[in-house]
Structures are given as C-alpha cells and as structure tokens.
Amino acid sequence: MHIAILTLTFTLPGCGSLKEKRQRMGGLHERFGRSPSVAVCESGERDRHDASEWTFVVVGLSKREVESQCREIEEKIERIVDARVMDVEREFV
C-alpha cells in the first residue's frame, strides 16, 4: 500500500468574502472525495477570504498509481478552480 499527501496552497485574487471563496473553491470535496482512494479537506487558511489550502490523501497499490492520481488531481484543479496555485507539496508516507 502506498500513500501520498498532496497539499495545494491557493491565492484568490479579488476575492472579497468567505462566501465568494466558498463559491470559487466549491466542489473540490465533492469532485475528489467521491473516489474511494482519495480523502480531501480544506486544511489551512480557512478564515482568510483571499487564500486557501487543501490537502488530498491518495492511497494506491503502487507508487506509480498514486503519483498518477496526484498528477490528475493537480491538472484538474488547474482547469476547474478559479484561483492561482501558489505551492504544491507532495509527501509519500
């Protein structure tokens, strides 16, 4: 069993409220949390309206499978989220 912890830090330029932040970042949990091999949560910057941090825990039978899934998550986020990715950290446990 292989496990990766993928943490993405975002900045939300022009975001004026926590409500707008939820709208712009909305759906991450629903989109990625459906997979039985991925757990997701907003892990930081919860009280700031112009920043956000999300952590994904990805589990798979091989390191290659886990790495592939992490890349897919990063690519999808770049396309669907109305925010800038400022930092990506990937840690294997």
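The values are calculated or read from the model by the stated rules, or taken from the named source; none is laboratory data. No experiment lies behind these values; they were computed from the predicted model shown. Positions of Cβ are generated from backbone atoms using ideal geometry, with glycine treated the same way; all protein chains shown enter the neighbour counts. When the accessible area is computed, the model is the full protein with side chains, heavy atoms only, and any ligands, DNA or RNA have been set aside. Shrake-Rupley method; radii C 1.70, N 1.55, O 1.52, S 1.80 Å.
A count restricted to segment 10-54 and to residues that are open to solvent by less than 50 Å² (accessible area, probe 1.4 Å), in a loop (DSSP other than H, G, I, E, B), more than 30 Å from Glu65 (Cβ to Cβ) and of a type outside the set (A, V, I, L, M, F, W, C) stands at 1. Checking each residue in segment 55-84 for being open to solvent by 40 Å² or more (accessible area, probe 1.4 Å), among the hydrophobic types (A, V, I, L, M, F, W, C) and within 22 Å of Pro13 (Cβ to Cβ) picks out only Ile80. If the condition is being within 10 Å of the chain's Cα centre (by Cα) and of a type in the set (D, E, K, R), then segment 23-77 contributes Glu42, Glu53, Glu74, Lys76.
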